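Report on the following structure.
The values are calculated or read from the model by the stated rules, or taken from the named source; none is laboratory data. Note that the coordinates shown come from a computational prediction; the quantities given were computed from them, not determined experimentally. Here the Cβ positions follow ideal geometry from the backbone for every residue, glycine too, while neighbour counts run over all protein chains shown.
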Ligand SMILES: C[S@@+](CC[C@H](N)C(=O)[O-])C[C@H]1O[C@@H](n2cnc3c(N)ncnc32)[C@H](O)[C@@H]1O
């Protein structure tokens, strides 16, 4: 049997999961804890209500359902490979869906960012690059950097592996990650090389994150 490069690419994955009411599971569960943590980290890095936030690979709006009430109306934007997943999150999880116009939820699996504003202050990609092969992560970072030059803050998560590690890695929370299939890990030097090629200077943050992900700020 050939393995799909990502569970999200399995044909019919989103339709089946949404039909079963599993929009929270699709993004990995730990709903309250992870949404609250994402907003708290953004605030710790300076996010304020007047800022404009882009949530890349936003899923069912685990962060959005906390960020939309916090931000000024219209200041939250999101992309994901599945717009249906974001729309389900908007309808099921937002205290007041009218604060988030549907047009701000953009289907985009190629990091092309169609129809998004020319300026955003904060970008976050949480648990997204962990599902992508390194070439695609490199491309995503390059496209983000080209589309939204500084000043802006980018937070993203990856799974890290020690330099020279060639096989699977058991991460601090027990998740097993791989160099050649999802969930993907990457060495810190490889990450720096791809980010720097994109013109970004990523700095690893000390926070301990769910599932053993590492947080970077660029
Ligand atoms: C682990 S979930 C995290 C979702 C969200 N960031 C959160 O923290 O709740 C990964 C998300 O990445 C999305 N995704 C996977 N591949 C993608 C791609 N190529 N472009 C955009 N989104 C993608 C999936 O649809 C899923 O919603």
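Tabulated values for the structure
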item: Residues that are under 24 Å from residue 129 (Cβ atoms) and either more than 11 Å from the ligand (Cβ to nearest atom) or surrounded by fewer than 24 Cβ atoms within 10 Å (Cβ to Cβ) (or both), drawn from the stretch 43-55; result: 43, 44, 45, 46, 47, 51, 52, 53, 54
item: Residue 64 vs. criteria within 14 Å of the ligand (Cβ to nearest atom), at pLDDT below 95, in contact with a helix residue (DSSP H, G or I) (Cβ under 9 Å, 6 or more places away or on another chain) and closer than 20 Å to residue 209 by Cα; result: no
item: Residue within the stretch 134-157 that is at pLDDT 95 or above, over 20 Å from residue 8 (Cβ atoms) and exposed (fewer than 15 other Cβ atoms within 10 Å of the Cβ) present; result: yes
item: The stretch 176-191, residues that are surrounded by fewer than 17 Cβ atoms within 10 Å (Cβ to Cβ) and outside any strand (DSSP E or B); result: 180, 181, 188, 189
item: Count of the stretch 118-139 residues which are in contact (Cβ under 8 Å) with a residue 60 or more places away in the chain, part of a helix (DSSP H, G or I) and touching a helix residue (DSSP H, G or I) at 6+ places or on another chain (Cβ under 7 Å); result: 3
item: Among residues of the stretch 106-115, those that are touching a helix residue (DSSP H, G or I) at 6+ places or on another chain (Cβ under 8 Å) and within 13 Å of the ligand (Cβ to nearest atom), counted; result: 5
item: The stretch 103-117 residues that are under 12 Å from residue 76 (Cβ atoms) and free of Cβ contacts under 8 Å to residues at least 40 places away in the same chain, paired with ones that are away from the ligand (no atom under 12 Å from the Cβ) and part of a strand (DSSP E or B) (beta carbon under 6 Å, 6 or more apart); result: 104/77
item: Condition broken by residue 9, with the remaining ones in (1) out of contact with any helix residue (DSSP H, G or I) (no Cβ under 7 Å at 6 or more places or on another chain); (2) within 14 Å of the ligand (Cβ to nearest atom); (3) closer than 25 Å to residue 218 by Cβ satisfied; result: (3)
item: In the stretch 143-159, the residues that are in a helix (DSSP H, G or I) and within 14 Å of the ligand (Cβ to nearest atom); result: 143, 144
item: Among the residues listed as 127, 103, 167, 89, the single one being at positive phi and either more than 10 Å from the ligand (Cβ to nearest atom) or surrounded by 20 or more Cβ atoms within 10 Å (Cβ to Cβ) (or both); result: 127
